[in-house]
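S.K.: Have a look at this one.
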Amino acid sequence: FNMPHCAVELKAYNSCFTFFKAKQMNLFFDLQPNTTIVAILLKVNHFHELFSDVDADNFPIQNFDANQTILETKTISSEIANCVEQLITNNYHNNFHSLYVRGKVFEILSLYFNETFNKDLEQCPFIANSDEIVKIKKAKELLIKDLLNPPSLESLSKAIGLNVKKLKIGFKDLYGMPAFTYLLHYKMEHARKLLDQNRQNINEIANEVGYSSATHFISAFKSKFGITPKQYTLNKNISNE
């Protein structure tokens, strides 16, 4: 997108946090076909109100200066992507719509600034040493390598040479969630991408992401995204028309 004095190129699943002192600002978006963008606009006083209970040392934007321009781009996490997807595809068309949207916006902001506060987690995590980080990253790759038969924690522990306790704690520190919660998120994200390709039916996708029962897969998908795979496909097809 473009502003009077600068332009920012954003790829899919990227975000840009910006702050300008100007009371009025024109934003110009040059979007590719079938692109959806979500913009959250906050006045600086409302921004500070969000963190009124946060002490200065824990403020998510360090050295914040109301006179200084901020422009920060980064790839959004799967958790934020899920919230955005739910915000875009929600089926609320009544008096509760604005309440739902407000709740999702606060959830997105909470996730975003929590990640900002813990930025560079993989480079400077709360883990004993870099060797453990390498092992835990290897465990993540092994975990998602075979969705039909994912390894147990005990198998992962032996494969990477790290005891189960350190693996469990380290994985959560590094990726923000337990190993098998991460696996579930990964499965659902992979399923969503397969739905976007329109090449397989629900049963085939369920099998590919490790579900022998389509019913269980549909339930997991709805729990993750707030809609069933069929509803997701219908909404996507409507938005593409």
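What follows is calculated from the coordinates using simple rules that are stated; it is not laboratory data. Since the model is a prediction, treat every value here as computed from it, not as a measurement. Note that we place each Cβ from the backbone using ideal geometry, even for glycine, and neighbour counts take in every protein chain shown.
S.K.: Please give the FRET efficiency for VAL164 paired with ASN90, using the beta carbon to beta carbon distance and R0 = 45 Å, rounded to the nearest 0.05.
M.R.: Once the sixth-power term is evaluated, E becomes 0.70.
S.K.: Just grab the label-to-label distance for LEU142 and LYS230, each label 7 Å out from Cα along the Cβ direction, in nm (one decimal).
M.R.: Rounded to a tenth, the inter-label distance reads 4.0 nm.
S.K.: Something else now. Taking the highest mean first, how do the peptides 149-155, 209-215 order by number of other beta carbon atoms within 10 angstrom per residue?
M.R.: Result, highest mean first: 209-215, 149-155.
S.K.: Right, something else. Once phi is turned into θ = phi - 60°, what whole-Hz ³J(HN,Hα) does the Karplus curve with 6.51, -1.76 and 1.60 give for every residue of the range 170-179, x standing for Gly and Pro?
M.R.: So the Karplus estimates, Gly and Pro as x, are x, 4, 5, 5, 7, 10, x, 6, x, 4 Hz.
S.K.: Under 10 Å from the Cβ of PRO151, count the other residues' Cβ atoms, weight Lys and Arg +1, Asp and Glu -1, and hand me the total.
M.R.: 0
S.K.: Now for a separate question. Give, in nm to one decimal, the length gained when the segment between GLU9 and VAL134 is fully stretched (0.36 nm per residue of separation minus the Cα-Cα distance).
M.R.: 41.9 nm
S.K.: Could you check the spin-label model distance between VAL38 and LEU50? Points 7 Å from the Cα along Cα→Cβ, value in nm.
M.R.: 1.2 nm
S.K.: Can you pull the one-decimal nm distance between simple spin-label points at MET177 and THR73, each 7 Å off the Cα toward Cβ?
M.R.: If labels sit at MET177 and THR73, their model points lie 2.7 nm apart.
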